[in-house]
Amino acid sequence: MTVPGSPTVRRRRLAAELREIRESKGKSGDAVAAALKWSPSKISRYERARTGLQPREVERLLDYYEITGSRRALLLALAEDAAQKGWREEFADGLSADYQQFIGLEHEASSIAIWHVDVVPGLLQTQAYARHIISSYSRIEPVAPGMVERLVRVRMRRQQVLNHEPGVQLSAVLDESVLKRRIGDELVMYEQLQRLAREADRPNLTLQILPLDAQHTVFGESFVIFRFGSDSDAMLQDVVCTEHLRNDYSLEGERETYLHRIAFQMLAGAALDPLSSRALILETAESHWSGIQRGIDVGRFMPWGRPGRPGSGPHWTKSSLSFSNSNCVEVADLPDGRIGVRHSKDAEGPVLRFTPGEWDAFIGGVRNGEFDSFGKR
């Protein structure tokens, strides 16, 4: 028997079931620990889903609780499935236990509510924006370049949850300062805000901006609330997480989760409606990050990355920087993750291919005038 859900969610479901059984039997955690010759802290850790139990340990518990029949079979199946590995275990050597648990919750939640006061949430970040954030960790603690790229891949992989069927319902409220806080250069910020505006069109996403001049009634750090199932499904309670430096997360208890739900409702009530929020995002992209320097409008190079229809191949965007002879370039995100540049009049011709890092360096050189002398001899 296979029970739906990620290993993280199955472990939480098993923990909730075992706690409910213990309480229904009138047993204390200390009494169970003494009977099985376990430490009391072991009982506490697994009932809070901080650690898992091996299937044989679950079998011992069920023997002690005298659980038989179909319920026993279900719980043993949960124990077997909870011991399996999810996709994130491929990257386990670079992910903290808390971050792995966070990814598991994110993967299985039916709805997610996000309040972010500092940066764009990971589920909505562009690759370049994410890379700049993750690279910044090395200023505090050394991070190998290879590990940076692994963590970027993890963040991009997490975003697939938005395309699941049935899709998760995502509600996000961002402080307006997020739109104006520089992460990387103008190019990175402009494309990130364009991405936000595009994502706002998703039917399963409600994106709101809390303006700086709005009446602020809630003050606190960023947080994420995960919900599993309906209100009537009490087995898996809502979970609130707060993010710390270097992808570390804290999971809070029931009371804190309830208070954070109230706080999120207040923040959403004070924020702009989704249409006005999208308009503010686009307005900020143009007013703050259009990148006009040295007479070159870098924004003309920036509309690439708008994905084409599934199966339609790269979506090529023509630069608005055309010349009298109609020579012009087109730019696209390629399936291999690189950025392609080609002559707009020669769709079958050669394509220059840049990695995201090479592209950032190239555009940075254009902005800084490093290539101004070329073509003038």
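The values are calculated or read from the model by the stated rules, or taken from the named source; none is laboratory data. Treat the numbers as computed from the prediction; the structure is a model and nothing was measured. Methodologically, a virtual Cβ is constructed for each residue, glycine included, from the backbone with ideal geometry; neighbour enumeration extends over all protein chains shown.
When 347, 279 are screened for being farther than 20 Å from residue 188 by Cβ and at pLDDT 85 or above, only 279 passes. Checked against (1) modelled with pLDDT under 85; (2) closer than 19 Å to residue 114 by Cα; (3) touching a Ser or Thr at 6+ places or on another chain (Cβ under 9 Å), residue 306 passes all but condition (2).
Would you mind listing the helices (runs of 4 or more DSSP H) fully within the range 155-272 where at least 2 residues are in the same structural domain as residue 121 (by TED's automatic domain parsing) and at pLDDT below 90? Give the steps one after another, and end with the answer.
Numbers: elements: 177-180, 186-199, 254-270.
Output list reads 254-270.
Checked against (1) of a type outside the set (Asp, Glu); (2) under 15 Å from residue 188 (Cα atoms); (3) at pLDDT 80 or above, residue 361 meets all criteria but (3). Out of all the residues in the range 129-176, which are free of Cβ contacts under 8 Å to residues at least 12 places away in the same chain and crowded, with 17+ Cβ neighbours inside 10 Å? The answer is 143, and nothing else.
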